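Engineer: To start, I am sharing the structure in question, which I have written as structure tokens.
The values are calculated or read from the model by the stated rules, or taken from the named source; none is laboratory data. Owing to the predicted nature of the structure, the values given are computational and were not obtained by experimental measurement. Cβ placement follows ideal geometry from the backbone for every residue including glycine, while neighbour counts extend to all protein chains displayed. For the accessible areas, the whole protein counts, side chains as well, though only heavy atoms, and no ligand, DNA or RNA atoms are used. Shrake-Rupley method; radii C 1.70, N 1.55, O 1.52, S 1.80 Å.
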Amino acid sequence: TSKMKSTRTKKSEIKEATKKAKTELLEDEGYSKAKGKTRKELSSATSSLFPAQGVNISVLQEILEHDRYSSGMTTYEVCRHVIKPMTKHYKCSYVELVTQVVPNSAALVETATVFVSHAWDYKFSVLLKTLESFVKEETLKDSHAGEKIFFWIDIVCINQHLPAGRPSIWYKNTFIDGMKTIGHTICVFSQWEGHTYLERLWCVWELYCSIRTKSKIDILMPKKERESFLSHLCCNFDDVLNKLCQVDIVNAKYRRLVDQTSILNTIYDGDGVKEVNRDVSLYFYTWVGLEVVKNKDQSHSNDDDEPFAILMSRVASLLFDQGRYEESEGFLVRALGIYEGLNEPKSPDLATAINNLAVIVHWRGDYEKASALYKRVLEIREIVFGSKHFLFSESLNNLALLYEEQGKYREAQALFQKALQIRQNVYGANHLSVAEIEHNIGALYWKQKNFQEAEIRFKEALEVRESAMNSNPVIVAASLDCLASFYNDTERYDESQEYFEKALKLREQNFGVHSLAVALTLNNFGMLKQNQGNNEEAQALVERALKIYQNTLGNEHEETLFVQRSLEALRNS
């Protein structure tokens, strides 16, 4: 009862204060001076910064209660007909107004804890109900959680009287840093089938920034929409994917041309359109798969079957691609458990699931377990496909790579040669899959210090990768980077520089300048510059690499620490 009374008191304070603010209060210049703020000071408080404060749910509730027509308005209409008129005199944000005119506003306005990403085409009342449900669910987990949730929502946190557009640095750094500081994003889908959210420029950009900053992300829907979504999900998983996972930020809708220009320029100068579209699509593809599993678990269904195991394997692969290795392993183990209970355990899908688990275990450094898993995949694929099939050669290649890491070069060489022969027989000599094995054999020769054979294999692989009809610039860049490192190691510095420059250009074009692939080339390029005796250029390259690792993997990741040690060694040399 006391909590309900407290909420009513807060809402009544807002209602009374905003009512006055809309009438005589805001016309009284003496009031603003008495509060210690002139109109000019209040309006300029957040003009160039990312506003740090968010609002309690009761502040948003009062916006609807304040205007009897607002319940049917979209967020855009609420901004235009309610928020802007109320803040017109001071030309400030609604949050700033509440802070100044509401007694004891500290309980209503605090440092934002949740960023709300939403489309302005939705009804504001639907957005509010969705956020109310979120607060209710969080309160069930922790009775005091509702008091700690402060929403950052643009129509109240941003000064709506500011001119359109901001300096490019605001989009590139200020906005992204602000989202990173909040660390939690809620994406509100009022209509999942209409998927208005993913058609809006700002929504896609906000979600991408959340992914890039590794913020916690929640996808929320109104109750009826979620029921419809789950119903479709159970009946037609692929149809849901097609509706939700088609992202095209270049053609996304926008209200102001200056926003489109600024956001797209930020993308072009940074990670690139392909990476933004890919990462957002990949996130939703994974999320949809996780929702299927979550819904099945909540329904306590025991009908685990092969399609469900296949789905678990697909989700695991997506999680792995996003670096979520522990989650990926958990899904694979569960999928294998389902497969083992079926009547035909030696299936292609079982082999794929075991292979993916082997890759994770291999990556983790558990070579003994990885070896056993790879051998099991090899056995199943030989039974299912025969010993001349591409997938059988894939298993040979994976096991060979493991042996190479263990220093078992003779065993690795034999498996690589078998895999190469299979692929040459199936595809001919000038095929990308053949080039993959040639490249791996080159790397094996390099480790054995057989530099002549290594160079021959690397160049053969690069030639095929560059000339193939379906040439992939990402793979070509990997070949260029490897050859550059090889020439650096063998003290052929001019050739090394030539290949590093080509690799860096390709990776920046295809991954974006802030990608880990670019960071890898920058760090390797820095080592070349050090060998050439140019420490100043070497430091600049490694510093760029370190910044990318820190922003992407965090300061404590082993790869970040490795690059940091390299930079420290350069500075001390």
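Engineer: Would you mind checking the pairs Lys216/Lys294; Lys180/Lys253; Lys123/Lys253 and listing those with alpha carbons more than 23 angstrom apart?
Structural biologist: Lys180/Lys253
Engineer: Moving on. Give me the one-decimal nm value for the distance between modelled label points at Gln246 and Lys223, 7 Å along each residue's Cα-to-Cβ direction.
Structural biologist: In this crude label model, Gln246 to Lys223 measures out at 3.2 nm.
Engineer: Turning to a different aspect of this structure: If each residue of separation counts as 0.36 nm, what is the full-extension length gain between Thr490 and Val426 once their alpha-carbon separation is subtracted?
Structural biologist: That pair, Thr490 and Val426, stretches by 19.5 nm at full extension.
Engineer: Now for a separate question. If packing is taken as the mean number of other Cβ atoms within 10 Å per residue, what is the order of 253-263, 508-518, highest first?
Structural biologist: 508-518, 253-263
Engineer: Here is a further query. For the chain, how big is the tail of P(r) above 37 Å, as a whole percent of Cα pairs?
Structural biologist: That fraction is 46 percent.
Engineer: Over all directions, average the projected area of the Cα convex hull of the range 143-261 and note it in nm².
Structural biologist: 9.3 nm²
Engineer: Further question: List the aspartates and glutamates whose Cα sits under 15 Å from the Cα of Lys296, skipping any in the same chain fewer than 8 residues away.
Structural biologist: Cα-Cα hits under 15 Å: Glu227, Asp304, Asp305, Glu306.
Engineer: To the nearest 0.05, how large is the calculated FRET efficiency for Asp238 and Gln448 if R₀ is 45 Å and r is the Cβ-Cβ distance?
Structural biologist: 0.45
Engineer: Please compute the per residue accessible area over the range 421-573 with all protein chains in place, 1.4 Å probe, rounded to a whole number of Å².
Structural biologist: Working: 7730 Å² over 153 residues.
Heavy-atom SASA per residue in the range 421-573 reads 51 Å².
Engineer: Something else now. Students often get this wrong: which residues of the range 167-185 have the backbone nitrogen under 15 Å from the point 7 angstrom along Cα-to-C-beta of Lys214?
Structural biologist: Under 15 Å, as judged by backbone N against the label point of Lys214, lie 180-184 of the range 167-185.
Engineer: Now a separate question. Report the label-to-label distance for Glu340 and Val258 in nanometres (one decimal), using points 7 Å from each Cα along the Cα→Cβ vector.
Structural biologist: Placing both labels 7 Å beyond Cα along the Cβ direction yields 6.2 nm.
Engineer: Let me ask something additional. Hey, with R₀ at 51 Å, roughly what FRET efficiency would Lys505 and Lys141 work out to, going by the Cβ-Cβ distance, to 0.05?
Structural biologist: For R0 = 51 Å, the calculated efficiency reads 0.55.
Engineer: Once every DSSP H run of n ≥ 4 in the chain is given -39500 (n - 2.57) and the sum is divided by its residues, what mean residue ellipticity at 222 nm do you get, rounded to the nearest 500 deg cm²/dmol?
Structural biologist: -21500 deg cm²/dmol, from helical runs alone.
Engineer: Would you please put 135-142, 426-433 in order of how densely packed they are, using the mean number of other Cβ atoms within 10 angstrom per residue and starting with the highest?
Structural biologist: Going by the mean number of other Cβ atoms within 10 Å, highest first, we get 426-433, 135-142.
Engineer: Identify the residues of the range 554-573 with backbone N under 20 Å of a label point that sits 7 angstrom from the Cα of Asn535 along the Cα-to-Cβ direction, or state none.
Structural biologist: 563-573
Engineer: Oh, and also: Suppose each label sits 7 Å from its Cα in the direction of the beta carbon; what would the Ile456-Glu559 distance come out to in nanometres?
Structural biologist: Between Ile456 and Glu559, the simple spin-label model gives 3.3 nm.
Engineer: Quick one: work out the % antiparallel among DSSP beta bridges in the chain, nearest 5.
Structural biologist: Counting only bridges with both partners in the chain, antiparallel ones make up about 30 percent.
Engineer: Less than 17 Å from a label point 7 Å out along the Cα-to-Cβ axis of Arg571: which backbone N atoms in the range 534-559 qualify, by residue?
Structural biologist: Residues 535-551, 555-556 qualify, since their backbone N sits under 17 Å from the label point.
Engineer: Let me know the charge dipole size of the chain about its Cα centre in debye, to the nearest 20, where only the beta-carbon of Lys, Arg (+1) and Asp, Glu (-1) is charged. Don't skip to the end; give the middle numbers.
Structural biologist: Working: 70 positive and 78 negative charges, 433 e Å.
Roughly 2080 debye for the chain.
Engineer: Using the 2.2 N^0.38 Å rule of thumb for compact globular proteins, work out how the range 241-364 stacks up: its C-alpha Rg over that value, please.
Structural biologist: The reported ratio for this selection is 1.34.
Engineer: To two decimal places, what compactness ratio does the range 455-573 give when its Cα radius of gyration is scaled by 2.2 N^0.38 Å?
Structural biologist: Relative to the 2.2 N^0.38 Å estimate, the range 455-573 comes out at 1.07.
Engineer: Kyte-Doolittle mean at least 1.6 and Cα extent at least 15 Å along the axis: which DSSP H helices of the chain qualify? Can you show the working numbers first?
Structural biologist: Working: long enough: 2-22 (30 Å, -1.77); 124-141 (26 Å, 0.22); 201-212 (16 Å, 0.78); 223-235 (18 Å, -0.67); 257-269 (18 Å, 0.25); 273-298 (37 Å, -0.40); 306-321 (23 Å, 1.03); 325-340 (22 Å, -0.11); 348-364 (24 Å, 0.53); 367-385 (26 Å, 0.04); 390-405 (23 Å, 0.38); 409-427 (26 Å, -0.63); 432-447 (23 Å, 0.21); 451-467 (24 Å, -0.76); 473-489 (24 Å, 0.95); 493-511 (26 Å, -1.51); 516-531 (23 Å, 0.54); 535-553 (26 Å, -0.49); 558-572 (21 Å, -0.52).
Once both thresholds are applied, nothing remains.
Engineer: Expressed as a whole percentage, what fraction of the accessible surface of the range 426-503 belongs to carbon and sulfur atoms when a 1.4 Å probe is rolled over the protein heavy atoms? Each step should come with its number before you reach the end.
Structural biologist: Numbers: 1760 of 3800 Å².
Heavy-atom surface of the range 426-503 belonging to carbon and sulfur, 1.4 Å probe: 46 percent.
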